[in-house]
Amino acid sequence: MLSRGGRRGVCLLAQALSHDAGRGWGVLASDNLPKGFRSWPGSHLADAAPVTTAVGTWSMYGQAAFFASKGGKQGGKGAKEAVQAPQEVQEWDIEPFVTQMGEALDHLRRKLAGIRTGRASPGLLEAVSVEARSSGSSHGPHVPLRVLGTVVARGPQLLVVELYDKEDDKAVAKAIQNSPLKLQARAENGEVLVPVPRLSLEMVKGFVKLAAQEAEAARKAVRAVRHRALEQAKLCNTGGPAGELKRMEQQVQALTDKHIREVDGLLRAKERDLQEHH
């Protein structure tokens, strides 16, 4: 069973890895790292107090996890010194996972906004990207439409892109026509006019199905965050009381349930919007 210092060292490593969850879970394979440390999950370590090796850095958190888990001389004084500096870091912090689940919801909102209804809504064109005129654009070969102009609704069936530079009109019209929205667009007097026809029943059914697929992708993303949170809770509570782990698991599950309900609510709202405006 690990000492409290050992559990803290392992938890510090887990918390450091939580900020790099997008890189996935890997296994450190360097022969230059201590054997006991090589098997810890994670492909990236925190930058604090790095120790540089031939293949990368072994951070302060990594040192804490390694020395705190060893017995004898390495696990005594070494463990105490290794975990002494970052005492202000809490053993369990759910906030990174709150942020990650929130990002999954934000992504879903953007996706649903791009599924058109029979009503002219400025958010409909939010996902459109336009080929950049300059190869040196800071946005890369394509720029978001919002960088080039403002989208406004002029009536229930017409969107207008009011451009900051009139020379972008043809490129913007082309980007809208080539987008999955299947809308016609025309450049006129330095603006881009985008009529939004009413949807047929067949189109509504197709868009409802697409919205459901986007919602399911968001649920999977939330559950993936839940899995990472539970894994790190176990690491933080290694050798600790079972009751504390149970509390952590309940906290993660409550957070997951809350975000899944929000996904379901966003989907229901989009389905109503589609059915009311066709």
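Quick notes on this structure:
- Taking the numbered list (1) over 22 Å from ALA120 (Cβ atoms); (2) in a loop (DSSP other than H, G, I, E, B); (3) hydrophobic (A, V, I, L, M, F, W, C) in turn, ALA217 passes all entries but (2).
- Of all residues in region 248-259, none are more than 16 Å from VAL98 (Cβ to Cβ), in contact (Cβ under 8 Å) with a residue 12 or more places away in the chain and either outside the structural domain of LEU124 (by TED's automatic domain parsing) or of a type in the set (Asp, Glu) (or both).
- Unmet criterion (only one of (1) more than 29 Å from the chain's Cα centre (by Cα); (2) at pLDDT below 90) for GLN184: (2)
- Among all positions in region 215-238, there is no residue which is surrounded by fewer than 14 Cβ atoms within 10 Å (Cβ to Cβ) and at pLDDT below 90.
- Exclusive hit being surrounded by fewer than 18 Cβ atoms within 10 Å (Cβ to Cβ), in contact (Cβ under 8 Å) with a residue 12 or more places away in the chain and more than 22 Å from the chain's Cα centre (by Cα), set ARG110, ARG116, ARG133: ARG133
- When GLN253, GLN184 are checked against the criterion of being part of a loop (DSSP other than H, G, I, E, B) and not hydroxyl-bearing (Ser, Thr, Tyr), a single residue qualifies: GLN184.
The values are calculated or read from the model by the stated rules, or taken from the named source; none is laboratory data. All values derive from a computational prediction rather than experimental measurement. Here Cβ is always computed from backbone atoms with ideal geometry, including for glycine, and neighbour counts include all displayed protein chains.
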